[in-house]
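Worksheet: the structure to be examined is printed underneath.
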Amino acid sequence: MSTETTDPATEAFVAHRNLLFTVAYEMLGSAADAEDVLQETWLRWVAVDLTQVREQRAYLVRITTRQALNRLRSLQRRKESYVGQWLPEPLLTSPDVAEDAELAESVSMAMMLVLETLSPTERAVFVLREAFDFGYEEIAAAVDKTPAAVRQIAHRARKHVDARRPRQAVPRSAASAAVESFLRAVETGDPQALLDVLAPDVVLIGDGGGLKQAALRPVGGAEKVTRFLFGGIGKNKLPLSLAPTVVNGSPALIAYLDGELDGIMAMRIEDGLVTGLYYVRNPEKLTHVLSETPLTLR
């Protein structure tokens, strides 16, 4: 009687798959591209002589990082010809992601947008150092730099991100309350209630990718955002419904138009007010919002 056994390469890859996906996703902001990177990582990993590998986790992350860097450079070229604003691909996440404050912040839509302002190498170094706590020597091996250079890149990237990241972590209960207030204001058609939950300098960014209608430029200011939202709802001839959900570890809203999935409204919340609205309508970016995507930093 024979028993099925899994080869060591497969066992190691499966054991670290969620970590590798999280690394690739944080570097790329695209689940589809992250999945492609994992496939490329697998093809390279099975060709490796495991007897020469001291630390399988670090080696797998190194392969993933290099493939993600290659993909990130081509992704940047695609973004240059993208129609309208580009937003990260939202992921429906499990409760354990929301409960892990460090993980939730690192994959939040607000943080993912900040990471977009870094160069590819800066992004890789920042993600591996700040989110995954890799050592400078491990990161150096992954990005083909010296440890000293990596230290400088990490310092520069951290300063850049700190100047743009949300001012403070918001308790999940406060974020949920703000999302609920936003939802009630939209459902009741109450402009003043919506203004009350929006920060004066709130910015709305829409992503239709040329496939769905969306604002081609950011909409700034509470009054303009309120007019934009209620104006768009008023133009809809089909019934719109919103429901609470959790994407990228944070409370958000999922929108249905005449019962069909229309988009995801993620939010940046500071001091109990909505400072950022990110509405992803591009259907090609909505493939990971109906089933949970496991993420991990370890």
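The values are calculated or read from the model by the stated rules, or taken from the named source; none is laboratory data. Note that the structure is predicted; figures quoted are calculated from it, not measured. Here the Cβ positions follow ideal geometry from the backbone for every residue, glycine too, while neighbour counts run over all protein chains shown. Only protein heavy atoms, including side chains, enter the accessible area calculation; ligands, DNA and RNA are left aside. Shrake-Rupley method; radii C 1.70, N 1.55, O 1.52, S 1.80 Å.
If G206 satisfies every condition in (1) under 21 Å from the mean Cα position of the chain (by Cα); (2) open to solvent by 10 Å² or more (accessible area, probe 1.4 Å) but one, which is the exception?
(2)
Residue check: is T51 more than 16 Å from L295 (Cα to Cα) and not charged (D, E, K, R)? Show your work before the answer.
Working: more than 16 Å from L295 (Cα to Cα): yes; not charged (D, E, K, R): yes.
For T51, the condition - more than 16 Å from L295 (Cα to Cα) and not charged (D, E, K, R) - is met.
In the stretch 209-219, what residues are of a type outside the set (K, R) and either outside any loop (DSSP other than H, G, I, E, B) or open to solvent by 50 Å² or more (accessible area, probe 1.4 Å) (or both)?
G209, G210, L211, Q213, L216, P218, V219
So which of G231, G263 ends up being part of a helix (DSSP H, G or I) and of a type outside the set (F, W, Y)?
None of the other options fit; the residue is G231.
Take the residues of the stretch 187-202 that are of a type in the set (V, I, T) and buried (at least 18 other Cβ atoms within 10 Å of the Cβ): which is nearest to A177 (Cα to Cα)?
If we filter the stretch 187-202 for residues that are of a type in the set (V, I, T), which is where we start, we get 188, 197, 202.
Then keep just the ones that are buried (at least 18 other Cβ atoms within 10 Å of the Cβ); that gives 197, 202.
Details: V197: 10, V202: 17 Å.
This residue is V197.
Would you check which residues across the stretch 1-54 are part of a helix (DSSP H, G or I) and basic (K, R) and list them?
Within the stretch 1-54, R17, R44 meet the criteria.
Any residue in the stretch 135-145 that is open to solvent by 10 Å² or more (accessible area, probe 1.4 Å), farther than 30 Å from R281 by Cβ and in contact with a Lys or Arg (Cβ under 6 Å, 6 or more places away or on another chain)?
Checked against the condition, which is being open to solvent by 10 Å² or more (accessible area, probe 1.4 Å), farther than 30 Å from R281 by Cβ and in contact with a Lys or Arg (Cβ under 6 Å, 6 or more places away or on another chain), the stretch 135-145 yields at least one hit.
Residues checked against (1) modelled with pLDDT under 95; (2) assigned to a helix (DSSP H, G or I); (3) within 26 Å of N282 (Cβ to Cβ); (4) not polar (S, T, N, Q):
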{"residue": "V125", "(1), (2), (3), (4)": "no, yes, no, yes"}
{"residue": "E130", "(1), (2), (3), (4)": "yes, yes, no, yes"}
{"residue": "A148", "(1), (2), (3), (4)": "no, yes, no, yes"}
{"residue": "R151", "(1), (2), (3), (4)": "no, yes, no, yes"}
{"residue": "H155", "(1), (2), (3), (4)": "no, yes, no, yes"}
{"residue": "F182", "(1), (2), (3), (4)": "no, yes, yes, yes"}
{"residue": "P200", "(1), (2), (3), (4)": "no, no, no, yes"}
{"residue": "V203", "(1), (2), (3), (4)": "no, no, yes, yes"}
{"residue": "G206", "(1), (2), (3), (4)": "no, no, yes, yes"}
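For the condition within 30 Å of L19 (Cβ to Cβ) and among the aliphatic types (A, V, I, L, M), what is the one hit in V197, V225, V219, V179? Steps first, please.
Values: V197 fails: within 30 Å of L19 (Cβ to Cβ); V225 fails: within 30 Å of L19 (Cβ to Cβ); V219 fails: within 30 Å of L19 (Cβ to Cβ).
Answer to the check: V179.
Name every residue in the stretch 26-54 that is among the charged types (D, E, K, R) and in contact (Cβ under 8 Å) with a residue 60 or more places away in the chain, in order of residue number. Steps first, please.
So the first thing to find is which residues in the stretch 26-54 are among the charged types (D, E, K, R), and the list is 26, 33, 35-36, 40, 44, 49, 54.
Listed by number, the list holds a single entry, E26.
Confirm whether L194 is over 30 Å from T296 (Cβ atoms), assigned to a helix (DSSP H, G or I) and either at pLDDT 95 or above or of a type in the set (D, E) (or both).
Values: over 30 Å from T296 (Cβ atoms): yes; assigned to a helix (DSSP H, G or I): yes; either at pLDDT 95 or above or of a type in the set (D, E) (or both): yes.
Judged against the criteria, L194 is a match.
Considering the stretch 55-89 alone, what residues qualify as being free of Cβ contacts under 8 Å to residues at least 24 places away in the same chain and not in a loop (DSSP other than H, G, I, E, B)?
Once the filter is applied, which keeps residues that are free of Cβ contacts under 8 Å to residues at least 24 places away in the same chain and not in a loop (DSSP other than H, G, I, E, B), the stretch 55-89 yields Y59, I63, N70, S74, R77, R78, K79, E80.
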